[in-house]
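Enquirer: First, the structure itself, so that you have it in front of you.
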Amino acid sequence: MKRKYLIGILIILCSGLLAIFVLQQLNKEKTKPIVHTPPPPALKFGFPVDSFHIEQATIRNNQNLSDILSGKGISMQTIDQIVRTSTSIFDVRKMKKDNHYYFFSSKDSLKNLRYFIYEINQIEYVVYCFKDSLHVYKGEKPVTREIRSSSGTIMSSLWKTMEDNNLNPLLAVKLNNIYQWTIDFFGIQKGDQFRVIYEESFVDSVSIGITNVFASEFKHSHEDFYAFQFIKNDTIQYYNEEGRNLKKAFLKAPLEFSRISSHFTHSRLHPVLKFRRPHHGIDYAAASGTPVVSIGEGVVTRKGYQAGGGGNYLYIKHNSIYTTCYMHLKGFAKGITPGTRVRQGQLIGFVGSTGLATGPHLDFRVFKNGTPVDPLKIKSEPGK
């Protein structure tokens, strides 16, 4: 009994000592001085912004380096020295209208120019130092890359859907490039959906573009179209869920981001002639001058002008089975003549309204063994 009594007393004493120790440590923490670590200084082009008086402007039409620096009191002799010594770093004659430039001046009343900085593009810039002796160097802004996942439902166009979902509209261009052999983006419908995993790059928290698309799914006309990126021999290509290459012998359309104004039919009321006749092609309404490309590799067989019909037209023979025709063109691309071999996606002409047309559009036709077929129903073979 005494032994148990002694053990109980020891436990109570130990608990008390532990409590006293803990209270002492807490009191020590309370008495420690609170140290406030100042935030790092804000930097622009590697310089602390609070150390300079900074002015920003843009290059005006026909403005050059001499115009800009002479307004800040820089002598013509110094400007001439800049031009002669910095050509290997940056040719000042290549300054572009609307690009930004900055003056970093001293914060005193004299506001002496310390640095002149010109933004070559969204990432690169060139620094002209006037602090001690003239010194010129190139720099690059840090680029942040983020992997993102986004989705959306088509209400009107793919481009508009991107804007409505606060997504970079260039993502629409990337998806069009990936699915250009599989989906006709002029025929997408309200209710179509997409999901995409991609990489976007940022400079100063501002997006500078879509760097990469890793995978996507596009639901079109109740059908799922998958695309998974695979890199082989430094070449990026996309494959579906069965490992089939999305790149095919023919593109789904010969131009980007337009709308179908007339479908393939055996009886259509002609908008000019006002009587019914077959229309064995697809009319793509687009702005005059919109680039038109060949949907596949082939050889130009015919090129000409038909006043009472197709206006400026072009025929391309792709193989022993398929030939395509492009009509109402405003003009032809340079070097396009009968006998010219063209590659898939190569520029061949521009949308116009020549011939019998009420407005600018492309009349696009496909012939299989000499017989016109609906371009939207062609089943093209996949690539390797």
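The values are calculated or read from the model by the stated rules, or taken from the named source; none is laboratory data. Just so we're clear, the structure is a prediction, and the values are computed from it rather than from any experiment. All Cβ positions, glycine included, derive from the backbone under ideal geometry; neighbour counts span all protein chains shown. Only protein heavy atoms, including side chains, enter the accessible area calculation; ligands, DNA and RNA are left aside. Shrake-Rupley method; radii C 1.70, N 1.55, O 1.52, S 1.80 Å.
Enquirer: Could you work out the local net charge near Arg93, counting Lys and Arg as +1, Asp and Glu as -1, over the other residues with Cβ closer than 15 Å to its Cβ?
Expert: Details: positive: Arg84, Lys94, Lys96, Lys97; negative: Asp67, Asp80, Asp91.
After counting each charged neighbour, the total is +1.
Enquirer: How high is the FRET efficiency from Gln306 to Lys97, r the C-beta distance, R0 41 Å, rounded to 0.05? Don't skip to the end; give the middle numbers.
Expert: Values: r = 42 Å, r/R0 = 1.02.
The computed FRET efficiency comes out at 0.45.
Enquirer: Moving on. Assuming a ≥ b ≥ c are the square roots of the Cα gyration tensor eigenvalues, decide whether the stretch 31-182 counts as rounded (a/c under 1.5), prolate (otherwise, with a/b larger than b/c) or oblate.
Expert: Taking the square roots of the gyration eigenvalues as a ≥ b ≥ c, the stretch 31-182 is oblate.
Enquirer: Within the stretch 103-221, what whole-number % of the accessible surface is contributed by carbon and sulfur, with the 1.4 Å probe and all protein chains included in the calculation? Intermediate results must be reported in sequence, preceding the final value.
Expert: Details: 2710 of 5780 Å².
Roughly 47 percent of what the probe reaches on the stretch 103-221 is carbon or sulfur.
Enquirer: So who's got an amide H within less than 5 Å of the one on Arg114, skipping anything under 5 residues away but keeping other chains? H placed 1.01 Å off N, in plane.
Expert: Phe104, Ser105, Ser106
Enquirer: Over all alpha-carbon pairs in the stretch 170-215, figure out the percentage whose distance exceeds 18 Å. Kindly include the intermediate steps, with their values, before the conclusion.
Expert: Numbers: 383 of 1035 pairs.
Cα-Cα pairs of the stretch 170-215 separated by over 18 Å account for 37 percent.
Enquirer: Accessible area per residue of the stretch 110-163 at 1.4 Å probe, in Å²?
Expert: Working: 3060 Å² over 54 residues.
Accessible surface, normalised per residue, equals 57 Å².
Enquirer: Can I ask one more? Using +1 on the beta carbon of Lys and Arg, -1 on that of Asp and Glu, and nothing else charged, what's the dipole of the stretch 139-230 about the Cα centre, debye to 20?
Expert: 40 debye
Enquirer: If you don't mind, another one. For the stretch 112-229, what class follows from the C-alpha gyration tensor (a ≥ b ≥ c being the square roots of its eigenvalues): rounded when a/c is under 1.5, otherwise prolate if a/b is larger than b/c, else oblate? Can you show the working numbers first?
Expert: Working: a/c = 3.80, a/b = 3.23, b/c = 1.18.
Cα axes put the stretch 112-229 in the prolate bin.
Enquirer: Give a residue-ordered list of calculated ³J(HN,Hα) values for the stretch 357-374 (Karplus: 6.51 cos²θ - 1.76 cosθ + 1.60, θ = phi - 60°; whole Hz; x for Gly, Pro).
Expert: Karplus-based 3J(HN,Hα) across the stretch 357-374 equals 9, 8, x, x, 6, 10, 8, 10, 10, 10, 10, 10, 6, x, 9, x, 10, 5 Hz.
Enquirer: Then there's this: Of Leu134, Leu170, Ser156, whose Cα points farthest to the positive end of the dipole of the stretch 89-180 (charges on the beta-carbon: +1 Lys, Arg; -1 Asp, Glu; origin at the Cα centre)?
Expert: Among Leu134, Leu170, Ser156, the one farthest towards the positive end of the dipole of the stretch 89-180 is Leu134.
Enquirer: If you put +1 on each Lys and Arg Cβ and -1 on each Asp and Glu Cβ, how big is the dipole of the stretch 128-190 around its Cα centre, in Debye rounded to 20?
Expert: Working: 8 positive and 6 negative charges, 21 e Å.
The dipole magnitude comes to about 100 debye.
Enquirer: Follow-up question, since we're still on this one. Dipole of the stretch 305-384 (Lys/Arg Cβ +1, Asp/Glu Cβ -1, origin at the Cα centre): which of Gln306, Thr371, Thr358 lies farthest to the positive side?
Expert: About the Cα centre, the residue reaching furthest to the positive side is Thr371.
Enquirer: For a test of the definition: using alpha carbon positions, the gyration tensor, and the 1.5 limit on a/c, classify the stretch 207-253 as rounded, prolate or oblate. Walk me through the numbers before you get to the answer.
Expert: On the way: a/c = 1.61, a/b = 1.22, b/c = 1.32.
In terms of gyration-tensor shape, oblate.
Enquirer: Could you give me the ³J(HN,Hα) list for the stretch 171-182, computed from phi with Karplus coefficients 6.51, -1.76, 1.60 and θ = phi - 60°, whole Hz, x at Gly and Pro?
Expert: 5, 5, 5, 4, 5, 4, 5, 6, 9, 5, 8, 10
Enquirer: Same structure, new question: Principal axis extents for the stretch 286-342, Cα atoms only, whole Å, descending order, please.
Expert: On the principal axes, the stretch 286-342 reaches 30, 23, 19 Å in Cα extent.
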